[in-house]
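For reference, the structure discussed in these notes is given below.
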Amino acid sequence: MNRKVFIIFITYIWAKTLFGLMFHPFIATKQIARRPVLFPVVFSPLMGLFILFVAGRIAALLIELYGLKRELIAFFLSSTLISILFWQALILYLLGNLIFSFWRDKS
């Protein structure tokens, strides 16, 4: 397989699984539990959170905001943090539950 084709294929699988985790977390998590190669996609929310913090720090160095704008940005960042953490917890709970049920069925 050509290198460019392989990168496009990996990007497609990653995006498909990530969109599945956003809109149908149980079905996508079931696919991840059955195919352990997709396991790194589970940590995409944490990678997104890391990127959000880096972008926030860079923006804080470049832009000085005061008053209401600063409060609105802080509200947006804090609500994004909470939602990403809850989403990550949901995905990890579903994955753990499904792996445990697959393990229990095989015994």
Assuming 0.36 nm per residue, please report the length gained on full extension of the stretch Ile99 to Arg35 beyond their Cα-Cα distance. 22.0 nm
Go ahead and run the numbers for FRET between Leu62 and Lys106, Cβ-Cβ distance against an R0 of 41 Å, rounding to 0.05. 0.15
In terms of Cα to Cα distance under 30 Å, which lysines are near enough to Lys69, apart from those fewer than 8 places away along the same chain? none
Considering the Cα trace of the stretch 24-74, what is its radius of gyration and what is Dmax, both in angstroms? 17.3, 50
Leaving out same-chain residues fewer than 8 places away, which lysines sit with a Cα under 23 Å from that of Lys106? Lys30
Under the Karplus relation 6.51 cos²θ - 1.76 cosθ + 1.60, θ = phi - 60°, what is the ordered set of whole-Hz ³J(HN,Hα) values for the stretch 83-99, x standing for Gly and Pro? 5, 5, 5, 5, 5, 4, 5, 4, 5, 5, 5, 4, 5, x, 5, 5, 5
Eligible lysines near Lys4 by straight Cα distance, threshold 26 Å, same-chain separation 8 or greater: Lys16
Show that you can apply the helix-only estimate: for the chain, add -39,500 (n - 2.57) for every DSSP H stretch of four or more residues, divide by all residues, and state [θ] at 222 nm to the nearest 500. -29000 deg cm²/dmol
The extension gain from Leu77 to Leu90, computed as 0.36 nm times the residue separation minus the Cα-Cα distance, is 2.7 nm
The stretch 3-106, relative contact order [Cα under 8 Å, separation at least 6], %: 38
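Gain in length, Ile7 to Arg70, computed as 0.36 nm per residue apart minus the alpha-carbon separation, to one decimal in nm? Before the final figure, lay out each step's value.
Details: separation 63, 0.36 × 63 = 22.68 nm, distance 3.94 nm.
Computed gain between Ile7 and Arg70 is 18.7 nm.
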What does the charge dipole of the stretch 3-106 about its Cα centre add up to, to the nearest 20 debye, if the Cβ of each Lys and Arg holds +1 and the Cβ of each Asp and Glu holds -1? 480
The percentage of Cα-Cα pairs in the stretch 3-106 separated by more than 17 Å is 62
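Every number here is computed from the coordinates shown, using simple stated rules; none is lab data. Predicted model only: the values in this text are computed from it and were never measured. In this analysis, Cβ positions are derived from the backbone assuming ideal geometry, glycine residues included, and neighbour counts consider all displayed protein chains.
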